Every structure is written in C-alpha cells, then in structure tokens.
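Report on the following structure.
The values are calculated or read from the model by the stated rules, or taken from the named source; none is laboratory data. The model shown is predicted, which means the values in this text are computed figures rather than measured ones. In this analysis, Cβ positions are derived from the backbone assuming ideal geometry, glycine residues included, and neighbour counts consider all displayed protein chains. Surface accessibility is based on the protein's heavy atoms, side chains included, excluding ligands, DNA and RNA. Shrake-Rupley method; radii C 1.70, N 1.55, O 1.52, S 1.80 Å.
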Amino acid sequence: GQGTVLDVHNNEKGGIRGLNLRLAAVCAVRRMRRHKRIPWNNERSRLAGIMPLEDPPATREDLKTLLAQYYAAGYPSPLALANISAGGVCVCLPENVAGPFLANTGAYLFFIVPSKTTDAEPPYIFISKKVGTCRVLCEQGIALRLLFTEELNWASHGLQLKWHDIFATGSERLGSCLELYDDDETGAAEADMPLLAKTDPDGDMGSPRLTA
C-alpha cells in the first residue's frame, strides 16, 4: 500500500534524523536483490540442467549417477534459462517435463557451463531450493526460480564431495564469470567443449554431457 510522509526531523547539520510516516493498513515488504540478474539464452550455455534431490550427492559416484539420470531421461540440454545471478537462477521447464520438478519439495541440483568459460575451468554445480514459479518469464513452459544454497568445492580432490555454504553470499566464482556478459548481449556458442564435458555418443554434437 501507499505511505505518506507526515513530518521530517533534521539534525543540526540539516541531515535527516527521522521520519514520521502514515502507512496503509496492508503493506508488502520486499527484500532488495543482492546480486544482478543477467538475462540468458541457450547460446550462453554449453551445458545447463537441474535434477530434484532427495539427498545431496555425497560422493563423486553419486554425482555421476545423477548426471547420467538427467541425460537418460531426455531432458533438454542445455536447459533454457530466463536469467541467472550469483545467488540463483530462473529455469524454463517445458510443460511435458515440468511435473516432477514442480512437485519436488526438497532441494535441487543445478549445473551449468557458461559459454565464456575456458576448457580448464570446472562446471558450476549448486544445491538449490525452490523460491517460486511463474509463466510470464518463459516463452514456452513454466519458470522455476531457484536460490543457490551450496556450491560444489572443486578444490577437494577426494572421493567425498564437499559443499560450500553460499546461501548468504552467493557464488563469488559464478559472479565473476557473469561479469563477462552484458545485459543485452545475446552471446555466441563456443566451438570447443570443456574438459569435463563429452559429446553425445550417438553423435549429437549439440548435446554435450557433463561427467563427474
């Protein structure tokens, strides 16, 4: 609702010290965005996808199994994204596959390899939680907004995966990558695939696969 400034209290230097306000009976309080959202399209992704989770993958073998399940299910690759930031992403789910994703009440695994990453860089993999859904952000399908809570720590080289808590800060690494993209840039797909990706064994060069 709307509000009205009734009185302004200034300090000795003329600065504002306080305000008396009249507010509507019903008010909506919104949090400011912590991270800049970058519009996205398929040309900006070498790889992108999500999987509903019962439990976060604990080992590299668990992660490999999840990724294999994603491609075996025939989900879009790369998955269309409406926008992305260091703190979260808005994915576009086709109507024919949206059901299991929207019904999920737990966490999600989200992975992406942006087009401007180098071959030496590992993919970005996150544990995420659902924030909400809408239809207006995607030309086709349903938009699912996710908030990143944990990021895979690639510095750990053991069989056990280690996840870094980024709920309050967002991903510094992804944020640095997104600075390479302008708000109105359509981008172009890179010709080479990253080291951790391999092309579809059936010969579909447009559908690379991520391996753990």
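Only one of Leu146, Leu137 is buried (at least 16 other Cβ atoms within 10 Å of the Cβ) and modelled with pLDDT of 95 or more. Can you tell me which?
Exactly one of Leu146, Leu137 is buried (at least 16 other Cβ atoms within 10 Å of the Cβ) and modelled with pLDDT of 95 or more, namely Leu146.
Look at region 145-166 and say how many of its residues are of a type in the set (D, E, K, R) and assigned to a loop (DSSP other than H, G, I, E, B). Explain how you work it out, then say what you get.
Looking only at region 145-166, we keep the residues that are of a type in the set (D, E, K, R), and these are 145, 150-151, 162, 165.
From the residues that got through so far, the ones that are assigned to a loop (DSSP other than H, G, I, E, B) too are 162.
Looking only at that region, the number is 1.
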- prompt: Which one is surrounded by the most Cβ atoms within 10 Å (Cβ to Cβ) among residues in region 149-171 that are among the aliphatic types (A, V, I, L, M) and modelled with pLDDT under 95?
  reply: Leu159
field: Only listed residue being open to solvent by less than 40 Å² (accessible area, probe 1.4 Å), touching a strand residue (DSSP E or B) at 6+ places or on another chain (Cβ under 6 Å) and under 17 Å from Trp163 (Cα atoms), chosen from Ala98, Ala82, Ala107
entry: Ala107
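Which one is nearest to Gly87 (Cα to Cα), of the residues in region 121-138 that are part of a strand (DSSP E or B) and touching a residue at least 60 places away in the same chain (Cβ under 8 Å)? Write out each step before concluding.
First, the residues of region 121-138 that are part of a strand (DSSP E or B): 124-134.
So of that shortlist, the ones also touching a residue at least 60 places away in the same chain (Cβ under 8 Å) come out as 125, 127-128.
Working: Ile125: 12, Ile127: 11, Ser128: 10 Å.
Per the stated criteria, the residue is Ser128.
I need the full set of residues from region 1-32 which are part of a loop (DSSP other than H, G, I, E, B), of a type in the set (Gly, Ala, Ser) and modelled with pLDDT of 75 or more, in order please. Quick ask: steps written out before the conclusion?
Our first condition is that a residue be part of a loop (DSSP other than H, G, I, E, B); within region 1-32, this holds for 1-2, 11-15, 24-32.
Checking which are of a type in the set (Gly, Ala, Ser) leaves us with 1, 14-15, 24-25, 28.
Matches in region 1-32: Gly14, Gly15.
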task: Only residues that are open to solvent by 10 Å² or more (accessible area, probe 1.4 Å) and in contact with a strand residue (DSSP E or B) (Cβ under 7 Å, 6 or more places away or on another chain): list them for region 110-134, please.
output: Lys129, Lys130, Val131, Gly132, Thr133, Cys134
task: Look through Ala82, Ala48 and report the one residue that is under 14 Å from Leu174 (Cα atoms) and either free of Cβ contacts under 8 Å to residues at least 24 places away in the same chain or under 16 Å from the mean Cα position of the chain (by Cα) (or both).
output: Ala48
Residue match in region 102-113 (condition: under 26 Å from Asp182 (Cα atoms), touching a helix residue (DSSP H, G or I) at 6+ places or on another chain (Cβ under 9 Å) and in a loop (DSSP other than H, G, I, E, B)): no
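Going through Phe101, Phe111 one at a time, which residue ends up being within 16 Å of the chain's Cα centre (by Cα) and closer than 15 Å to Leu47 by Cα?
Residue meeting the stated conditions: Phe111.
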message: So the check is Cβ under 8 Å with 6+ separation or different chains; which pairs have a first residue in region 139-158 that's of a type in the set (Ser, Thr, Tyr) and a second one that's buried (at least 20 other Cβ atoms within 10 Å of the Cβ) and part of a strand (DSSP E or B)?
response: Thr149/Phe126; Thr149/Ile127; Thr149/Ser128
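Quick grid of which residues meet (1) under 25 Å from Leu178 (Cα atoms); (2) in a loop (DSSP other than H, G, I, E, B); (3) open to solvent by less than 60 Å² (accessible area, probe 1.4 Å); (4) among the hydrophobic types (A, V, I, L, M, F, W, C):
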residue	(1), (2), (3), (4)
Arg34	yes, yes, no, no
Ala48	yes, no, yes, yes
Pro57	no, yes, yes, no
Leu66	no, no, yes, yes
Tyr71	no, no, yes, no
Val89	yes, no, yes, yes
